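Asks: The following block contains the structure, expressed as structure tokens.
The values are calculated or read from the model by the stated rules, or taken from the named source; none is laboratory data. Quick caveat: nothing in here was measured; it's all calculated off a predicted structure. Virtual Cβ from ideal backbone geometry, glycine too; neighbours counted across all protein chains shown.
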Amino acid sequence: MDAVPMEKDAQGLWSLIRKNLEGRLSSGSFQEWVSPCIALRCEGNTLSIQVPNAPTKLWIEQQLAEEFNDALVQEDLAHLNLVFQISGSLQVQTAQPNATPIVVENPQISFPSLFARYTLDRFVVGPSSQLAFAAANSVVEHFGKSSSSFNMNPLFIYGSSGLGKTHLMVGVGQAIRDKNPSAKLHYLKVDSFFHEVTAAISKRNTEPLRKKYQGCDVLLLDDVQALGKMERTQEEIFYVLEYLLQHGKQIVITSDKPPQQLEGLHERLKTRFKWGLTADIQPPDFETRVAILKKKLEEPDFLEAPRIDDEVLGFIAHRGKSSVRDLEGLLNRVIFQAQFMGVSPSLEIAQSAFQGQNGDELLGAVPMERILRSVAESFHISYGDLKKKRGREASILVPRQVAMYLARELSVASYSDIAKEFDMHHSTVMNAIDSVKQRMKKDNDFHKLVHALLNTVY
């Protein structure tokens, strides 16, 4: 007899979530991944959703986790744990032990269940994320200790969307929880806090809200760039941060910009954000992108996936250069395309998987000549000078090294292929590319220049 009202509740909840996602996702993405899903039952705080197949379940859990979480927050359903059941399964799947949300004194505050895979051991580190990753581990190591040689409170992580900021931040929380089960952790998105502040103001009492967050040991504050237009929310955030910092509680913050570039933010908040360590995450280089793909294939969801050779992984790595999220999504798409056609993933399959995606033409490797001419134009030198074997002056040498680096990043050329293009030994090319990488680590302006070129050429 209880099944009927549970089903009705489930349908109503799923309708709210679907409507929110429809406005949040592209029409194609919504129709492909969300539209086929059906609400099954709601038991306690768990809403069971039926999905048509394993690829859909995988895509939702690994590519749309943040979108689903944002929808839950906006609909005041942050307490809800979503469990996805493949159509035809005999019973509702239960969450894995490591997927259990971190519940603190208030059950509304927890890690989103779909963030369970965001652990530090699953974060692939490259030159563009070394500092942020090292800082994250240091926060975990020194948590609960009275003193530290270096202040990392707050830890402020910034970078473009999809590069792993939330992964790293939640990974800190997961690691602290594992070492200190009694620690009170709050994951909080700025949009969610805005809704709480609005509700508290309507009741003319914000004190309970402040006390709720002031009682935590670790505050994970996501997407603070949204604070710029929220005057009263900024005020409440300030009081919470001030209290936590004064009492030695750890704060981790993410943003798409460094503190000093956040528009509309009160100066006193900027000051608090800059008290600890600020670390950025940049788009990963080619080698790191390949490593991310290989790490991805080691996850349990991919254990039964067919083997993918390095040529295909290299193609995917060349295509998915802008964000880790896009990169992982492209890998999923190639696997799904191969499964749909009943064949092994190949270069041809990868190309067909990308063709026509989002209405775009197929984009593969960038031709070598296009790379070289773009570099020559950007550095205001001739195409012929760029390819001169014996030109050693800085005005030629640096652009040539950058051209070699971009050729390795954007084309399918091997070190030997690039060496032939410049009439050099392949060891010289390897040294030139390594020189660019090392300079990018030390010289932030040079790093930005190279990545601007990379995006322009591509």
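Asks: Can you list residue pairs whose Cβ atoms sit under 6 Å apart, with the first residue in the range 290-317 being more than 17 Å from Asp121 (Cβ to Cβ) and touching a residue at least 24 places away in the same chain (Cβ under 8 Å) and the second being hydroxyl-bearing (Ser, Thr, Tyr) and outside any helix (DSSP H, G or I)? Count only pairs 6 or more apart in sequence or on different chains.
Replies: So the pair list comes out as Pro306/Ser344.
Asks: Here's something else I'd like to know. Check Ile349, Ile335, Ile308, Ile292 and return the single one that is assigned to a loop (DSSP other than H, G, I, E, B) and either among the aliphatic types (A, V, I, L, M) or not assigned by TED's automatic domain parsing to the domain that holds Val125 (or both). Talk me through it step by step, then tell me what you get.
Replies: Details: Ile349 fails: assigned to a loop (DSSP other than H, G, I, E, B); Ile335 fails: assigned to a loop (DSSP other than H, G, I, E, B); Ile292 fails: assigned to a loop (DSSP other than H, G, I, E, B).
The match here is Ile308.
Asks: Residue check, Leu244 against (1) free of Cβ contacts under 8 Å to residues at least 60 places away in the same chain; (2) surrounded by 15 or more Cβ atoms within 10 Å (Cβ to Cβ); (3) in a loop (DSSP other than H, G, I, E, B), all met but one. Which one?
Replies: (3)
Asks: Restricting to the range 174-192, name every residue that is closer than 23 Å to Glu67 by Cβ and either surrounded by fewer than 19 Cβ atoms within 10 Å (Cβ to Cβ) or touching a Ser or Thr at 6+ places or on another chain (Cβ under 6 Å) (or both). Let's see the steps before the verdict.
Replies: Filtering the range 174-192 for residues closer than 23 Å to Glu67 by Cβ gives 174, 185-192.
The answer is Gln174, Asp191.
Asks: Looking at the range 225-249 only, could you name the residues that are touching a helix residue (DSSP H, G or I) at 6+ places or on another chain (Cβ under 6 Å), under 21 Å from Gly173 (Cβ atoms) and at pLDDT 85 or above?
Replies: Those that are touching a helix residue (DSSP H, G or I) at 6+ places or on another chain (Cβ under 6 Å), under 21 Å from Gly173 (Cβ atoms) and at pLDDT 85 or above: Val240, Leu241, Tyr243.
Asks: Considering only the range 187-236, state which residues are closer than 18 Å to Glu267 by Cα and part of a loop (DSSP other than H, G, I, E, B).
Replies: Asp223, Met230
Asks: In the range 306-322, what residues are farther than 19 Å from Pro367 by Cα and surrounded by 18 or more Cβ atoms within 10 Å (Cβ to Cβ)?
Replies: Going residue by residue through the range 306-322, those that are farther than 19 Å from Pro367 by Cα are 306-310.
Within the range 306-322, just Ile308 meets the criteria.
Asks: Condition first: surrounded by fewer than 20 Cβ atoms within 10 Å (Cβ to Cβ) and small (Gly, Ala, Ser). Now tell me which residues in the range 272-305 satisfy that.
Replies: Ala291, Ala305, listed by residue number.
Asks: Condition first: closer than 16 Å to Glu67 by Cα and either at pLDDT below 80 or part of a helix (DSSP H, G or I) (or both). Can you find one or more residues in the range 38-54 that meet it?
Replies: no
Asks: Limited to the range 1-31, what total is found for residues that are among the small types (Gly, Ala, Ser), modelled with pLDDT of 80 or more and within 23 Å of the chain's Cα centre (by Cα)? First the steps, then the outcome.
Replies: Within the range 1-31, the first condition is being among the small types (Gly, Ala, Ser), and the residues that meet it are 3, 10, 12, 15, 23, 26-29.
Filter once more, keeping what is modelled with pLDDT of 80 or more: 10, 12, 15, 23.
With within 23 Å of the chain's Cα centre (by Cα) added as a condition, the list becomes 23.
The number of residues fulfilling the criteria is 1.
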